[in-house]
Amino acid sequence: MKKFTLLLLAAMLALSACKSNEDKKKKKLDEPAKLVDLKNPTLQIQKVWSASVGGGGKKLRLGLGLGLSGDHLFAAGRDGEVAAFDLKTGKELWRTKTKLELTGGTGVGGDLVAVGTGDGQVIALAADTGVERWRVEVKGEILSAPAVADQEVVVRTVDGKLRALAIADGHELWIAEQQIPRLTLRGLATPVVTHDTVISGFDNGRVLAVNLMDGATVWESPVSPSHGRTELERLNDIDAAVKVVGEEIFVAGFQGRAAMLALDSGQIWWTRDLSSYRGVDVDDDQVYVSTSIGELVALKRRTGTEVWRNDSLKNRSLSAPAVVGDYVTVADLDGYVHWFDRATGTLAGRAKTGGDRVTNTPLAVDGMLYLINDAGGITAMRGQPVAARAAKSQPAAPAAEAPPAPGGG
């Protein structure tokens, strides 16, 4: 009996050691990739201005991104502050304290700025002054920016509903909804308004387009059908806003696909198996996707064919990509912003916004990049090719002397 006990103990210790080794290997695989020093960056990153709307604390996936209207930038912080800044200089134009814990923003349209809370409150402020226009309560947590149209404010809530509120006073106009799985990621896609249609991805892997006037379904497209035996395997959330370019829609889902759809019908033109909960950006020729494991992938816009893939930032919780000039940028869990050459996927430059994670999508405008980190810190930056800077700094070559005129004697 004693011998059997010793053998059993030895077996248990061996199993424990194996499990410990497996856990260590898994932990090592999941560790964020270490950043390699850029000895000869081809792009110099310059910080132009910075500001803050506060709201540090727990690292939650909150939909508090930046909003743009004309030459004004709008931001909201978790602690309830909403502010407007001059896009070029960063000068603060106004700041309003809502005294609420904000979780969704910043929606901008016409003369209104809209934000939402975790307990379902929607607050509308005047875009020029920050004065509160109205405040209403809807049922459901808000984790993305409201979409502001000419006559409506459209809000996504975690219960799978799209709600349209009257822009004048916030009263409810219509509701559209999708059935949501029991298990989903924390996060919601921001609804997008284009022409007279509202388009949004949902946690069931579908993209829904509804009429802006009455909420009637225009079309519904199953971009990322669920698969697998367990609820965890069947997760297929679309948690980022679709990208509408002309008559085309681009979208990506978690444990699902990146896809191109027709705006008028929702017909799927191509799909590519990719997992992303951050979203996509598009230029004239390519689609860029930040995958859920930290890869940056470029696909052909017309066909979905892969052009390049950069895996140097694995497990660094990348933001959605943003195209800035000849570069595509992503930010990470430590607040670093990485600039890649669009043509080759080569890392061209890197800068840091601060020590906090950047979750929400960077905003690119006229060669400038604007970011807000999870502590409410806002940074505006631009990149300049190193060769161009060197050429600019060199003194001009002296003009050649003119040859003597012919003739004379």
Q: For the range 357-368, enumerate the residues that are under 13 Å from the mean Cα position of the chain (by Cα) and either within 17 Å of A240 (Cα to Cα) or assigned to a strand (DSSP E or B) (or both).
A: V358, T359, N360, T361, P362, L363, A364
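Which of the following residues is at pLDDT 85 or above, more than 22 Å from S292 (Cβ to Cβ) and of a type outside the set (S, T, N, Q): V198, V207?
Numbers: V207 fails: more than 22 Å from S292 (Cβ to Cβ).
Within the list V198, V207, the selection yields V198.
Against the condition modelled with pLDDT of 95 or more, outside any loop (DSSP other than H, G, I, E, B) and surrounded by fewer than 17 Cβ atoms within 10 Å (Cβ to Cβ), how does W269 come out, does it pass?
Values: modelled with pLDDT of 95 or more: yes; outside any loop (DSSP other than H, G, I, E, B): yes; surrounded by fewer than 17 Cβ atoms within 10 Å (Cβ to Cβ): yes.
Spelling it out, W269 is indeed modelled with pLDDT of 95 or more, outside any loop (DSSP other than H, G, I, E, B) and surrounded by fewer than 17 Cβ atoms within 10 Å (Cβ to Cβ).
Please note which strands (runs of 3 or more DSSP E) are completely contained in the range 76-133 and include at least 2 residues that are over 18 Å from T359 (Cβ atoms) and either touching a residue at least 60 places away in the same chain (Cβ under 8 Å) or in contact with a His (Cβ under 6 Å, 6 or more places away or on another chain) (or both).
On the way: elements: 81-86, 92-97, 102-109, 112-117, 121-126.
Answer list for the range 76-133: 81-86.
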Q: Determine the pairs where a residue that is surrounded by fewer than 18 Cβ atoms within 10 Å (Cβ to Cβ), located within the range 297-316, has a partner that is of a type in the set (D, E, K, R) and at pLDDT below 95 with Cβ atoms under 7 Å apart, the partner being 6 or more residues away or on another chain.
A: N315/D30; N315/E31
Q: Kindly establish whether A114 is under 16 Å from S52 (Cα atoms) and touching a Gly at 6+ places or on another chain (Cβ under 9 Å).
A: no
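Just give me the residues in the range 317-327 being among the aliphatic types (A, V, I, L, M) and either surrounded by fewer than 21 Cβ atoms within 10 Å (Cβ to Cβ) or closer than 11 Å to G383 by Cα (or both), in sequence order.
At the first step, the residues of the range 317-327 found to be among the aliphatic types (A, V, I, L, M) are 318, 320, 322-324.
V323, V324, listed by residue number.
Can we say K47 is among the charged types (D, E, K, R), in a strand (DSSP E or B) and touching a strand residue (DSSP E or B) at 6+ places or on another chain (Cβ under 9 Å)?
On the way: among the charged types (D, E, K, R): yes; in a strand (DSSP E or B): yes; touching a strand residue (DSSP E or B) at 6+ places or on another chain (Cβ under 9 Å): yes.
Yes.
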Q: Hey, can you tell me all the residues within the range 332-348 that are touching a strand residue (DSSP E or B) at 6+ places or on another chain (Cβ under 6 Å), in a loop (DSSP other than H, G, I, E, B) and small (G, A, S)?
A: G335, G345
Q. Out of all the residues in the range 98-114, is one or more among the small types (G, A, S) and surrounded by fewer than 16 Cβ atoms within 10 Å (Cβ to Cβ)?
A. yes
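Here is a yes/no grid of residues against (1) under 26 Å from the mean Cα position of the chain (by Cα); (2) closer than 13 Å to H338 by Cα; (3) modelled with pLDDT under 60; (4) not small (G, A, S):
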site	(1), (2), (3), (4)
E22	no, no, yes, yes
K27	no, no, yes, yes
A33	yes, no, no, no
T42	yes, yes, no, yes
I45	yes, yes, no, yes
A51	yes, no, no, no
G56	yes, no, no, no
Q: Please determine, by comparing only the residues of the range 58-70 that are within 25 Å of W339 (Cβ to Cβ) and either of a type in the set (F, W, Y) or at pLDDT below 95 (or both), which one is surrounded by the fewest Cβ atoms within 10 Å (Cβ to Cβ).
A: K59
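The values are calculated or read from the model by the stated rules, or taken from the named source; none is laboratory data. Computed from a predicted model, the values in this text were never measured in an experiment. Positions of Cβ are backbone-derived with ideal geometry, glycine not excepted, and every protein chain shown enters the neighbour counts.
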